[in-house]
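Chemist: Supplied in structure tokens, the structure appears directly below.
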Amino acid sequence: MDVNSHAEELASDLGVDKEEVKADLQNLLEYSVPIDEAKQSVRRKHGGGDGGSAPTPDAVDVDEITTDHDGVTVTVRVLTQGTRTIRYQGDDLTIREGELADETGVVSYTAWQDFGFEPGDSLTIGNAGVREWDGEPELNLNDSTTVAIAEESVEVDREVGGDRSLVDIRAGDRGRNVEVRVLEADEKTISGRDGETEIVEGVVGDETAKLPFTDWQPRSEIEVGADLRIEDVYVREFRGVPSINLTEFSTVTPLPDPVSVATDAPRLSVSDAVDSGGMFDVEVVGNVLEIRDGSGLIERCPECGRVVQNGQCRSHGAVDGDDDLRVKAILDDGTDTVTVVLDDELTAEVYGGGLDDALSAAQDAMDKSVVSDAIADSVVGLAYRVRGNLSVDEYGATLDATEFTVADDDPADAARAALAEVGE
């Protein structure tokens, strides 16, 4: 995007300094404001009004949209719509967002004002801006965009509406509706953008999966054991897994019948689990190859809980660390490897003693490594069934274990069975 050319055009139209206009544009673009919306904002700032109407771009199919387009006209069907508030330059703005489709494909959108459409509507949208979002083009509907009912209904081979099972929820989803049972719910106070904020965090489940959630406007209906229909949520990634977020626009309705909840986590090969990009509550079976450095008796920062190395916390500098137990084990099932992390309770189980026992052993030996050595002697080479939450990032795959038990089946057989099931 050539900001200079946009700035030069605006400066000429408005009769103001180009550098001032350019600075205004760059400031808006840094906040991911679409270029058309940014130009309109600069025009209004300098008393230029709306600047007239630009010619409507040629119509394109959804699968032809790229980030090289400045603007497009599309005839589409609205699949989903979610509503939420974002903070922009100190102001709260209400946006609508979701997915649009035609027979060629699907594209996400953000509407910076209420155009009055709903899921299921067939629309012709003119002069929609295009930007990149999560590596894909996204349409931006702003002051320069026109929205009209399409002359003919747009038929698409896509599900209209936001209803989804938890197993189908993905980070980046907007306008989703779920029917779930609340499994965990904890009230917390956090430092939000407006100071201290009360929220509720927890876990919900249905018959397909379990996922974490955050309610940013705590509702009395959300309590452990409640069966609820929750409409208009958005989904973001938290610690490598999809997390459901309720806003002031979300609605919560008690259900008359109980929601069935899966008791078992899906068992996958390590390769398939890693390829998912992150999963909440998954099970794998494999052999422990080694215990990594940073296992056994460790120290944590009393401020943030990070592991302290040589008396230094990455966030708080020199600190007097609190003693703790942890295991970081490499698990291999023949398809891939994953780092399994055990908390203090699971570490105590495999070690055969708690923190006091570990401190005593390290004091007697005058060496903390005796604790990790003892753990390695007890688990390396054995097959384990591991259940927990998987995150995948540029540093690799990590499975924070909630269960860690000796496996009663062969990891290679389990991996082959999982791969065969996926291939069916």
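Chemist: I'd like the accessible area for Glu394, computed on protein heavy atoms only with a 1.4 Å probe and all protein chains in place. Round to 10 Å², please.
Modeler: For Glu394, solvent-accessible area is about 150 Å².
Chemist: Have a look at Ile86, Ala111, Thr75 and report the one farthest towards the positive end of the charge dipole of segment 53-128, computed about the Cα centre with Cβ charges (Lys/Arg +1, Asp/Glu -1).
Modeler: Ile86
Chemist: Also, I was wondering about something else. For Lys368, which lysines qualify as cross-link partners when the Cα separation must be under 24 Å and same-chain residues fewer than eight apart are set aside?
Modeler: Lys328
Chemist: Further, regarding this structure: Regarding segment 245-380, what is the average projected area of its C-alpha convex hull, in nm²?
Modeler: Working: hull surface 50.5 nm².
The directionally averaged projection comes out at 12.6 nm².
Chemist: Separate question: How large is the Rg to Rh ratio of the chain when both quantities use alpha carbon positions and Rh follows Kirkwood?
Modeler: Taking Rg over the Kirkwood Rh, I get 1.05.
Chemist: What relative contact order, as a whole-number percentage, does segment 305-410 give when Cα pairs under 8 Å and 6 or more residues apart are counted?
Modeler: Rounded, it is 21 percent for segment 305-410.
Chemist: Excluding Asn177 itself, calculate the net charge of residues whose Cβ lies under 13 Å from the Cβ of Asn177, where each Lys or Arg counts +1 and each Asp or Glu counts -1.
Modeler: Charge balance in the 13 Å sphere: -4.
Chemist: Determine the dipole magnitude for the chain: charges of +1 sit on the beta-carbon of Lys and Arg, -1 on that of Asp and Glu, nothing else is charged, the reference point is the Cα centre, and the result goes in debye to the nearest 20.
Modeler: 820 debye
Chemist: Please arrange Ser243, Ser41 by accessible surface area, largest first, computed with a 1.4 Å probe and ligands excluded. Don't skip to the answer; put the middle values down first.
Modeler: Numbers: Ser243 5, Ser41 40 Å².
Output order, biggest surface exposure first: Ser41, Ser243.
Chemist: Carbon and sulfur: what percent of segment 98-165's accessible surface (1.4 Å probe)?
Modeler: 38 percent
Chemist: With a 1.4 Å probe and all protein chains left in place, how much of the accessible area of segment 231-270 comes from carbon and sulfur atoms, in whole percent?
Modeler: The computed percentage sits at 52.
Chemist: Now, a different point. How much area per residue is accessible in the chain when the probe is 1.4 Å and only protein heavy atoms are counted (Å²)?
Modeler: Roughly 51 Å² per residue, with all protein chains present.
Chemist: Let's see if you can work this out: charge +1 on each Lys and Arg Cβ, -1 on each Asp and Glu Cβ, no other charges. What is the dipole magnitude of segment 309-385 about its Cα centre, in debye to the nearest 20?
Modeler: Value, rounded to 20: 280 debye.
Chemist: Which angle between 0 and 90 degrees, to the nearest 10, do you get for helix 18-30 versus the longest principal axis of the chain when only C-alpha atoms count?
Modeler: With both axes taken from Cα atoms, the answer is about 40 degrees.
Chemist: Continuing with the same structure: Less than 15 Å apart at the alpha-carbon level, and either on another chain or at least 8 residues along: which aspartates and glutamates does that give for Lys188?
Modeler: Output for Lys188: Glu196, Glu198, Glu201, Asp215, Glu223.
Chemist: While we're looking at this one, here's another question. Express the carbon and sulfur contribution to the solvent-accessible surface of segment 342-390 as a percent, rounded to the nearest whole number, probe 1.4 angstrom. Numbers along the way, then the final one.
Modeler: Numbers: 1180 of 2530 Å².
Heavy-atom surface of segment 342-390 belonging to carbon and sulfur, 1.4 Å probe: 47 percent.
Chemist: How tilted is helix 35-45 with respect to the longest principal axis of the chain? Cα atoms for both, answer in degrees (0 to 90, nearest 10).
Modeler: Once rounded, one gets 60 degrees.
Chemist: To test your reading of the geometry: what angle, between 0 and 90 degrees and rounded to tens, separates the Cα axis of helix 411-423 from the longest principal axis of the chain?
Modeler: 20 degrees
Chemist: Continuing with the same structure: Kirkwood Rh and Cα-based Rg: tell me the resulting Rg over Rh for segment 213-313, rounded to two decimals.
Modeler: 1.08
The values are calculated or read from the model by the stated rules, or taken from the named source; none is laboratory data. No experiment lies behind these values; they were computed from the predicted model shown. Every residue, glycine as well, gets a Cβ built from its backbone with ideal geometry; the counts of neighbours run over all protein chains shown. Ligands, DNA and RNA are excluded from the accessible area calculation, which covers all protein heavy atoms including side chains. Shrake-Rupley method; radii C 1.70, N 1.55, O 1.52, S 1.80 Å.
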